[in-house]
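Asks: Handing you this structure, nothing more for now.
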Amino acid sequence: MSNSSIVQMTQLLVDWSNGDKEALDKLMPFVYQELHRLAHLYMRKENAGHALQTTALVNEAYMKLIDQNRVQWQNRAHFFAIASQMMRRILVDYARKKLYAKRGGETVHVSLDEALILSNEKAPDLVILDEALTNLAEMDERRSRVVELRFFGGLTVDETAEVLKVSSDTVLRDWALAKAWLYRYMSNET
């Protein structure tokens, strides 16, 4: 995304927060394109043969984001920080549903959109990652947010630093330490 597009998107987010309905219409192509890019980045990290549909994930996140009417959007990074949290919740919720059904839970009725998202992915890995991030957040909230923003949100080091209001060097240190902690935690859980 070019610098001018980032500035334009930030202005549209601010205008939308201030009640400008036309700004939302102009904003949506930017948002949809960027959400698709983020979801694609996430999906590239999954195992080969993964059937989770990027478009279905984007559509669900998109619908949740445009329903946000009480958020005062500060800028593009703030918007995508919220988007990364939503994508994490969506992915973990589906992984939990899949794991629940796999373990003999009651039949789960899903909508057509949910059926597009459910797949053969290794659901326990995502559930363990979410559990690990929750535990990490209890010890170090910022490191947990760094992982969430970078892994689920696809934000760059600089964008993550902007959202968290820390330096890029701090983000890099937090990222390295959090990855090591998560690796150790998840190795013990599997």
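The values are calculated or read from the model by the stated rules, or taken from the named source; none is laboratory data. These numbers were taken from a predicted model, which means no experiment stands behind them. Backbone-built Cβ (ideal geometry, glycine too); neighbour counts: all protein chains shown.
Asks: Taking into account only those residues within the stretch 146-187 that are outside any helix (DSSP H, G or I) and in contact with a Phe, Trp or Tyr (Cβ under 7 Å, 6 or more places away or on another chain), which is farthest from GLN74 (Cα to Cα)?
Replies: Ranking the candidates gives GLY154 first.
Asks: Turning to a different aspect of this structure: Name the single residue that is farthest from SER17 (Cα to Cα) among those in the stretch 56-71 being of a type outside the set (A, V, I, L, M) and at pLDDT below 75. Walk me through it before giving the result.
Replies: To start, the set of residues in the stretch 56-71 that are of a type outside the set (A, V, I, L, M) comprises 59-60, 62, 64, 67-70.
Retained after the next criterion (residues that are at pLDDT below 75): 67-70.
Values: ASP67: 12, GLN68: 9, ASN69: 7, ARG70: 8 Å.
Among them, the one singled out is ASP67.
Asks: Taking the stretch 125-167 on its own, how many of its residues are within 16 Å of ALA180 (Cα to Cα), small (Gly, Ala, Ser) and surrounded by 19 or more Cβ atoms within 10 Å (Cβ to Cβ)?
Replies: 2
Asks: Being at pLDDT 70 or above, in a helix (DSSP H, G or I) and not hydrophobic (A, V, I, L, M, F, W, C) is the requirement here; does TYR94 meet it? Let's see the steps before the verdict.
Replies: Details: at pLDDT 70 or above: yes; in a helix (DSSP H, G or I): yes; not hydrophobic (A, V, I, L, M, F, W, C): yes.
When the stated conditions are applied, TYR94 passes them.
Asks: A follow-up question, please. Condition check: at pLDDT 85 or above, of a type outside the set (Phe, Trp, Tyr), farther than 21 Å from ARG89 by Cβ and touching a helix residue (DSSP H, G or I) at 6+ places or on another chain (Cβ under 8 Å). Does SER168 satisfy that? Talk me through it step by step, then tell me what you get.
Replies: Working: at pLDDT 85 or above: yes; of a type outside the set (Phe, Trp, Tyr): yes; farther than 21 Å from ARG89 by Cβ: yes; touching a helix residue (DSSP H, G or I) at 6+ places or on another chain (Cβ under 8 Å): yes.
Considered against the rule, which asks whether it is at pLDDT 85 or above, of a type outside the set (Phe, Trp, Tyr), farther than 21 Å from ARG89 by Cβ and touching a helix residue (DSSP H, G or I) at 6+ places or on another chain (Cβ under 8 Å), SER168 comes out as yes.
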